[in-house]
Amino acid sequence: MATILVTGGSGFIGRHFCCRALEQGWRVIVLTRHSKAAAKRLPSRVELIEKLSDLDENLRIGVVVNLAGQPLAEGRWTEARKRRFIESRVNSTQQLFDFFSARELKPKVVISGSAIGYYGPGELPVDETAAGSDSFSHDLCRQWEASAAQFESLNCRVCYVRTGIVLGDEGALAKMLPAFKLALGGPMGTGKQWMSWIHIEDMVSLIVHCINCEGLVGAVNATAPNPVTNQQFSKTLGAVLRRPAILPMPAPVVKLLFGEMGEELLLKGQSVLPKKLKDSGFEFKYPNLHSSLSQILD
Ligand SMILES: NC(=O)c1ccc[n+]([C@@H]2O[C@H](COP(=O)([O-])OP(=O)(O)OC[C@H]3O[C@@H](n4cnc5c(N)ncnc54)[C@H](OP(=O)(O)O)[C@@H]3O)[C@@H](O)[C@H]2O)c1
């Protein structure tokens with residue numbers, strides 16, 4: 001039985017991944033800062049540790065799934081918060097690397113988090129070959145990926161999952177729902193900015209795919225094959241909820257309410273295509289937005 005170590009396993013994606021990993025018959029160990037809180041969110045078969053040194057030195061960890069990081073969309077981006085976003089990802093990845101460097105038994109595969117923010121804002125579709133353009137999100141992802149890339153020196157296969165907007169029972173969709181349910185939702189700014197999204201079930205499946213697919217290495221875009229504009233997203237969400245979604249939030253209001261976070265995450269976007277997943281034979285269960293939202297909200 002393979003043993004997987006998950007950081008950020010108590011979070012939205014991590015929790016769903018841990019459940020799937022148990023279904024696969026894998027042993028799952030979650031590194032968490034708060035084991036009591038994590039225990040409430042995870043099945044009892046998931047083992048919890050608060051320090052890497054709690055791992056038995058003879059235990060072979062075959063796979064590391066590294067998702068831990070301070071949430072980005074929980075308020076205005078002050079300089080102190082921006083430092084925390086970076087430190088919480090880069091420092092915890094560095095600790096993982098230092099731990100496994102010193103340990104005799106190395107993991108075979110490391111799947112490490114990243115985000116489509118790597119590419120910076122843009123209007124043309126991009127795949128994994130695109131260079132990122134300058135922005136805070138790009139800088140954060142670049143540093144996070146560079147930190148995980150150190151595992152290559154331990155002969156590990158490393159994938160960075162450049163994740164889009166994950167749709168499910170938590171995360172961005174949960175934040176949007178109250179306004180849309182009250183018919184107060186609508187496009188933000190011009191509504192022309194791209195939203196590259198992915199259903200949580202496909203997100204979890206693609207992490208499993210990255211673990212199993214020997215040929216996958218480096219950046220892997222974790223987005224559905226059909227990105228939409230913000231306007232299309234609002235319209236589709238309104239249709240699924242059977243509510244009008246026509247109340248726009250003008251760009252100056254978004255900037256006033258959310259500052260730089262609003263400008264980078266809400267008013268700008270990118271159209272990201274999952275080329276490496278498709279080339280490696282991954283099949284999306286939810287390639288279209290309407291069926292994804294219907295499944296989640298039913
Ligand atoms: N959800 C999305 O749409 C999306 C999109 C793009 C990228 N991502 C990235 O994918 C990763 C997982 O996403 P998610 O939505 O599952 O995130 P999440 O629900 O916010 O969970 C992240 C986990 O990271 C740990 N964490 C939080 N703050 C931390 C800190 N300051 N230092 C160290 N660990 C901390 C927490 O685990 P403990 O409390 O148990 O320690 C938490 O459960 C994140 O890094 C996120 O940036 C997510």
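Figure legend. Inter-residue proximity from the stretch 191-211: first residues closer than 15 Å to A224 by Cβ and part of a helix (DSSP H, G or I), second residues open to solvent by less than 10 Å² (accessible area, probe 1.4 Å) and among the polar types (S, T, N, Q), beta-carbon distance below 7 Å, spacing 6+ or different chains. No pairs are indicated. Filtering the stretch 140-176 to residues that are free of Cβ contacts under 8 Å to residues at least 24 places away in the same chain and either acidic (D, E) or closer than 25 Å to V240 by Cβ (or both) leaves E152, A174. Meeting the requirement of 2 or more residues that are small (G, A, S), the helices (runs of 4 or more DSSP H) wholly within the stretch 214-281 are 230-241, 251-261. Look at the stretch 8-27: where a residue is of a type in the set (F, W, Y) and a partner is surrounded by fewer than 16 Cβ atoms within 10 Å (Cβ to Cβ), sitting 6+ places away or on another chain with Cβ atoms under 6 Å, you get F12/E170. Going residue by residue through the stretch 53-61, is there one that turns out to be within 13 Å of the ligand (Cβ to nearest atom) and open to solvent by 20 Å² or more (accessible area, probe 1.4 Å)? No, there is no match, as no residue in the stretch 53-61 is within 13 Å of the ligand (Cβ to nearest atom) and open to solvent by 20 Å² or more (accessible area, probe 1.4 Å). Within the stretch 108-133, the residues that satisfy the criterion of being without any contact (Cβ under 8 Å) to a residue 60 or more places away in the chain and within 15 Å of L67 (Cβ to Cβ) are V110, S112, A115. Scanning the stretch 66-113 for residues that are open to solvent by less than 50 Å² (accessible area, probe 1.4 Å), outside any helix (DSSP H, G or I) and basic (K, R) turns up just one, R103.
Kindly evaluate R76 against the criterion of being closer than 30 Å to L266 by Cα and more than 15 Å from the ligand (Cβ to nearest atom). In short, yes.
Consider the stretch 20-45 and keep the residues that are within 12 Å of the ligand (Cβ to nearest atom) and closer than 21 Å to F99 by Cα. The one that is least open to solvent (accessible area, probe 1.4 Å) is V30. Here V166 passes the criteria (1) open to solvent by less than 10 Å² (accessible area, probe 1.4 Å); (2) within 16 Å of the ligand (Cβ to nearest atom) except the one numbered (1).
The values are calculated or read from the model by the stated rules, or taken from the named source; none is laboratory data. None of these values were measured; they are calculated from a predicted model. When we count neighbours, we look across all protein chains shown, and the Cβ atoms used for this are built from the backbone with ideal geometry, even at glycine. Please note that ligands, DNA and RNA were not included when accessible areas were found on the heavy atoms of the full protein model with its side chains. Shrake-Rupley method; radii C 1.70, N 1.55, O 1.52, S 1.80 Å.
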